[in-house]
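Here the structure comes first, spelled out in structure tokens, and everything after it is commentary.
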């Protein structure tokens, strides 16, 4: 009971500090009229490109549709990964990130065998990212369910992710934990605290704009996480009907999101995580992102 009380006090203290800090940041560096603090680069996930095309043609199509980067997947064959990354770079759409995930072997699981599987998978993903030329690996940090409590998920995931930080630093690849529908990290203050407690430049936040719409506001999360954000996923969601939509068709307040990105000076890729399609669909999607960037 004593430990629980102390943890609660520490969290409340952190929450107060984080709230003040983010507020001061917003006031101390306001966006002047006509200034754009963010530098946004359009990207899409490799699985959104037509599967019938060769790798070279996939990259060529992505470039033709107006994208500047690709988010890929781990590859066990590092020589193949280097060639894949080289092709993407030559086409002008470098592999900027890869998605490991973490649903299959979560670091919140009490079973040591599951943890060993997760650690091995992330080690492979980190080495794959290096070979591909990617700067980050997306990780779902934990899963809360009927048998895994929130507190256990928090402690276990941090304990096991810390084991990966030396390798991440050695390779120069950031582990980017994402806010997903895993019943974990349900507030921006908690997400900020979770990242900060690692005290490492190799652990950052991968912020998904659409994932928070059912219980929060994307611009609020951005202004709280600030420079902890290393990558961004673009999605949109309609609360009424509870459904995913195309960009600009849902309830994300894109003008306010755009303003928040300027305020924090985000410099990086914004990657669409939507269904795939043909050239016409991808070109339209690229233009939708252009409209968001221009807001």
Just one listed residue, out of 31, 20, is at pLDDT below 95, under 24 Å from residue 225 (Cα atoms), over 24 Å from the mean Cα position of the chain (by Cα) and in a loop (DSSP other than H, G, I, E, B), and it is 31
Determine whether the range 178-191 contains at least one residue that is buried (at least 17 other Cβ atoms within 10 Å of the Cβ), touching a strand residue (DSSP E or B) at 6+ places or on another chain (Cβ under 7 Å), in contact (Cβ under 8 Å) with a residue 12 or more places away in the chain and part of a strand (DSSP E or B).
yes
Within the range 192-209, the residues that are touching a residue at least 40 places away in the same chain (Cβ under 8 Å) and over 22 Å from residue 106 (Cβ atoms) are 209
Scanning for something over 15 Å from the mean Cα position of the chain (by Cα) and either buried (at least 22 other Cβ atoms within 10 Å of the Cβ) or under 20 Å from residue 135 (Cα atoms) (or both), does the range 206-221 turn up at least one residue?
no
Only one of 88, 81 is under 30 Å from residue 284 (Cα atoms), touching a strand residue (DSSP E or B) at 6+ places or on another chain (Cβ under 8 Å) and modelled with pLDDT of 95 or more. Can you tell me which?
88
Regarding the range 154-171, can at least one residue be identified that is out of contact with any strand residue (DSSP E or B) (no Cβ under 6 Å at 6 or more places or on another chain), under 24 Å from residue 260 (Cβ atoms) and crowded, with 19+ Cβ neighbours inside 10 Å?
no
Quick check: anything in the range 251-269 surrounded by fewer than 18 Cβ atoms within 10 Å (Cβ to Cβ), farther than 19 Å from residue 36 by Cβ and at pLDDT 95 or above?
yes
For residues that are surrounded by fewer than 17 Cβ atoms within 10 Å (Cβ to Cβ) and either at pLDDT below 95 or within 17 Å of residue 85 (Cβ to Cβ) (or both), tally how many sit in the range 42-59.
5
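The values are calculated or read from the model by the stated rules, or taken from the named source; none is laboratory data. Not measured: the values here are computed from a predicted model. Quick reminder, even Gly has a Cβ in these numbers, built from the backbone with ideal geometry, and neighbours come from all protein chains shown.
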